[in-house]
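The structure appears below as structure tokens.
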Amino acid sequence: MTIVLIGPPAAGKTRLGKRLARRLGLSFVDTDAVVVAEHGAIAQIFAEHGEPYFRALERAAVAEAVARPGIVSLGGGAVLDPDTQADLAATRVVLLTVQPDAIAARITNSKRPLVTDLESWERLVEARTPLYRSLADYTADTSTRPIDSIVEEIARWIEDSGPMKETHD
């Protein structure tokens with residue numbers, strides 16, 4: 001079983017993914033962490049080689065991660081790749097959302113190359129939301145609820161093989 005976490009930057013995909021993997025007894029892979037471990041800091045990759053180069057590295061990490069069982073956290077823009085979108089059709093996809101008023105503290109002093117402030121984050125999220133929603137089998141908002149309750153809710157949905165395209169805010 002492969003469960004993929006998608007969503008905007010700072011939605012909590014890595015933090016929640018680690019706990020969800022522990023809760024379900026599965027492995028955890030953060031594709032951004034794989035890219036960093038193999039190629040260096042994402043901001044540096046963007047600065048030295050540009051976004052297309054980073055996206056190619058990201059795509060390779062995603063393809064490898066989703067081919068194995070476990071919980072996979074994707075970088076916010078990984079879903080822009082059509083091959084990644086196709087890969088996600090064979091997995092269960094959880095969209096983590098977060099409201100702008102909850103995001104400001106999460107992106108302060110961020111090392112995210114495409115998110116420099118709340119306004120840039122909002123523009124990015126507005127552009128990607130239709131795609132995120134189209135790929136998601138389940139949606140959970142991480143703005144204010146305790147992470148452990150969100151993890152438990154998603155774990156129950158996975159264990160119960162709940163219906164597709166549910167939203168829980």
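The values are calculated or read from the model by the stated rules, or taken from the named source; none is laboratory data. Note that the coordinates shown come from a computational prediction; the quantities given were computed from them, not determined experimentally. Please note: Cβ atoms are built from the backbone with ideal geometry, for glycine as well, and neighbour counts cover all protein chains shown. These accessible areas exclude ligands, DNA and RNA; they are computed on the full protein's heavy atoms, side chains included. Shrake-Rupley method; radii C 1.70, N 1.55, O 1.52, S 1.80 Å.
Using alpha carbon coordinates only, what is the Rg to Rh ratio of the stretch 27-111, with Rh defined as the Kirkwood radius?
Ratio value, two decimals: 0.98.
Helix-derived [θ] at 222 nm for the chain: sum -39500 (n - 2.57) over DSSP H runs of at least 4, divide by residue count, nearest 500?
Details: 8 runs with 92 residues, N = 169.
That calculation yields -16500 deg cm²/dmol at 222 nm.
For a protection proxy built on the mean count of beta-carbon atoms within 10 angstrom, sort 74-81, 118-125 highest first, please.
74-81, 118-125
Per residue, how much accessible area does the chain have with a 1.4 Å probe, in Å²? Don't jump to the answer; show the numbers that get you there.
Numbers: 8260 Å² over 169 residues.
I get 49 Å² per residue for this part.
With the alpha-carbon atoms as the only input, what is the per residue convex hull volume for the chain in Å³? Before the final figure, lay out the partial values.
Values: hull volume 17.9 nm³, N = 169.
Output value, Cα hull per residue: 106 Å³.
Roughly to the nearest percent, how much of the accessible area of the chain is carbon and sulfur, given a 1.4 Å probe?
Using a 1.4 Å probe with all protein chains present, the chain comes out at 53 percent carbon and sulfur.
Among 140, 14, 93, pick out the residue whose Cα is farthest towards the positive end of the charge dipole of the chain, where Lys and Arg carry +1 and Asp and Glu carry -1 on C-beta, about the Cα centre.
14
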